[in-house]
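**Student:** I'd like to ask you about the structure that follows.
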């Protein structure tokens, strides 16, 4: 399913994000690394700064981080329902 989503992502993002079943179980990663888009989004969501990510992952580039954010945004355009329940 994710491979089909990659086909719908703008070319600029595709230069930095790839998906290969032999790498990280096919999860989208920053090209040339094993750093998943999922990891980048989780870290940024937890308050890690881009600078901290770059320091922790020397192969990661600012362009790769921004491409992961663009990819995440594009994936959210898919017609999928994400049920979110309210906490009591």
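**Student:** Here are 60, 66, 39: which of them is in contact with a helix residue (DSSP H, G or I) (Cβ under 6 Å, 6 or more places away or on another chain) and either assigned to a loop (DSSP other than H, G, I, E, B) or under 14 Å from residue 17 (Cβ atoms) (or both)?
**Tutor:** Working: 66 fails: in contact with a helix residue (DSSP H, G or I) (Cβ under 6 Å, 6 or more places away or on another chain); 39 fails: in contact with a helix residue (DSSP H, G or I) (Cβ under 6 Å, 6 or more places away or on another chain).
None of the others qualify; the one that does is 60.
**Student:** Determine if region 75-85 includes at least one residue that is within 23 Å of residue 22 (Cβ to Cβ) and surrounded by fewer than 18 Cβ atoms within 10 Å (Cβ to Cβ).
**Tutor:** Initially, region 75-85 is screened for residues within 23 Å of residue 22 (Cβ to Cβ), giving 75.
Still in the running and surrounded by fewer than 18 Cβ atoms within 10 Å (Cβ to Cβ): 75.
Checking region 75-85: at least one residue is within 23 Å of residue 22 (Cβ to Cβ) and surrounded by fewer than 18 Cβ atoms within 10 Å (Cβ to Cβ).
**Student:** Okay, next question. Assess whether residue 14 counts as being surrounded by 10 or more Cβ atoms within 10 Å (Cβ to Cβ), under 15 Å from the mean Cα position of the chain (by Cα) and modelled with pLDDT under 95. Spell out the reasoning first.
**Tutor:** Numbers: surrounded by 10 or more Cβ atoms within 10 Å (Cβ to Cβ): yes; under 15 Å from the mean Cα position of the chain (by Cα): yes; modelled with pLDDT under 95: yes.
Yes, satisfied.
**Student:** Further, regarding this structure: Give just the number: which of (1) outside any helix (DSSP H, G or I); (2) at pLDDT 95 or above; (3) surrounded by 14 or more Cβ atoms within 10 Å (Cβ to Cβ) does residue 34 not satisfy?
**Tutor:** (3)
**Student:** Output the qualifying pairs, or none if there are none: Cβ atoms under 7 angstrom, residues six or more apart or on different chains, first residue in region 33-54 and free of Cβ contacts under 8 Å to residues at least 24 places away in the same chain, second residue buried (at least 17 other Cβ atoms within 10 Å of the Cβ) and in a loop (DSSP other than H, G, I, E, B).
**Tutor:** Once the first residue is free of Cβ contacts under 8 Å to residues at least 24 places away in the same chain and sits in region 33-54, its partners that are buried (at least 17 other Cβ atoms within 10 Å of the Cβ) and in a loop (DSSP other than H, G, I, E, B) give 36/28; 53/60; 54/60.
The values are calculated or read from the model by the stated rules, or taken from the named source; none is laboratory data. The structure displayed is predicted, hence computed values, not measured ones. Every residue, glycine among them, receives a Cβ derived from its backbone with ideal geometry; neighbour counts consider all protein chains shown.
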